[in-house]
Amino acid sequence: MSDDVIWHCIRHNHCSFMAKIETGIFCRNPYNATGICNRSSCPLANSRYATIRDHDGVFYLYMKTAERAHLPKKLWERVKLPRNYEKAMEIINKHLEFWPKLLVHKIKQRLTKMTQYRIRMRRLQLKVREKIMTVPRKKTQRDLRRLDKAEKAAQLDKSIESELKERLRKGVYGEIYNFPFKQFDTILDMEKDDLAPEIEEEEAHKLSYIL
C-alpha cells in the first residue's frame, strides 16, 4: 500500500496512537522520532524510517526499510550505539548516509536530547533527596486510637499498683511471702520515711532531758 494512502487513512479516519489535546496533535507510537503527529514523523506512513530508543540506559538506532515490509518480525533493524556521544554520531552518519537529510537531522536531535536526559538523571541520582512517603488515613487513625488505649491502660496499671502498695503498707493483706523484692523494698523505704520524723523527735526529747 502506498504511504500517502496510509497517511490519508490514519489522519482522516482513525489512528490508535493519535492524541489530540489543546496544544496540538501528538503521537504515542514508541517509534516516533519527534512525538508529533505529522506526515514526516509518522512511523506507519513512511516505509523508510529511523528512530532512537532507550532500553535500560542503552541507546539503539532502529531502521525500517521497504524491503522488509513483508516481514513484520524483521521490520526494524537495530544497531547498538556506544555511550560516547561523538562515536554514536559517527555510527548514525555511517548507517544513514544516503537517507533524507531532514530525517537524519531529527535523529541527531533525538540523540542529543536523550543524552542530556541521561546526564541529568545521573546528577539527580548523586544528590541526596528526601523521600516523601504517603501514609494511609485509616492506618493513621487506627494507630492514634491504639495509642490512646495504651496510655489509658498504663495510667490504670499505675493507679492499681499505687493502690496495692498503699494497702500493703497499711497491713490490709497481712503477711505476704511471695511479694516481689523490688516493690517490697519500696514499701520499706516509704515506711522509713514516715518513721524518720518520730525517731528524730524522740532523740531530741532524750537529749533535752539529759541536759
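The values are calculated or read from the model by the stated rules, or taken from the named source; none is laboratory data. The structure displayed is predicted, hence computed values, not measured ones. So basically every Cβ, Gly included, is an ideal-geometry build from the backbone, and we count neighbours across all protein chains shown. Note: areas computed on protein heavy atoms with side chains; ligands, DNA, RNA excluded. Shrake-Rupley method; radii C 1.70, N 1.55, O 1.52, S 1.80 Å.
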Residues satisfying the stated conditions in the stretch 112-140, i.e. of a type outside the set (A, V, I, L, M, F, W, C) and outside any helix (DSSP H, G or I): Lys127, Arg129, Glu130, Lys131, Thr134, Pro136
From the options Arg120, Arg83, residue that is assigned by the TED database to the domain that holds His55, without any contact (Cβ under 8 Å) to a residue 40 or more places away in the chain, in contact with a strand residue (DSSP E or B) (Cβ under 9 Å, 6 or more places away or on another chain) and open to solvent by 60 Å² or more (accessible area, probe 1.4 Å): Arg83
Evaluation of Val128 against (1) more than 30 Å from Arg39 (Cα to Cα); (2) exposed (fewer than 10 other Cβ atoms within 10 Å of the Cβ); (3) more than 40 Å from the chain's Cα centre (by Cα) (one fails), failing number: (3)
The stretch 65-90: number of residues that are in contact with a Lys or Arg (Cβ under 9 Å, 6 or more places away or on another chain) and part of a helix (DSSP H, G or I): 4
Residue check for Leu102: part of a loop (DSSP other than H, G, I, E, B), within 25 Å of Ala19 (Cα to Cα) and open to solvent by 70 Å² or more (accessible area, probe 1.4 Å): no
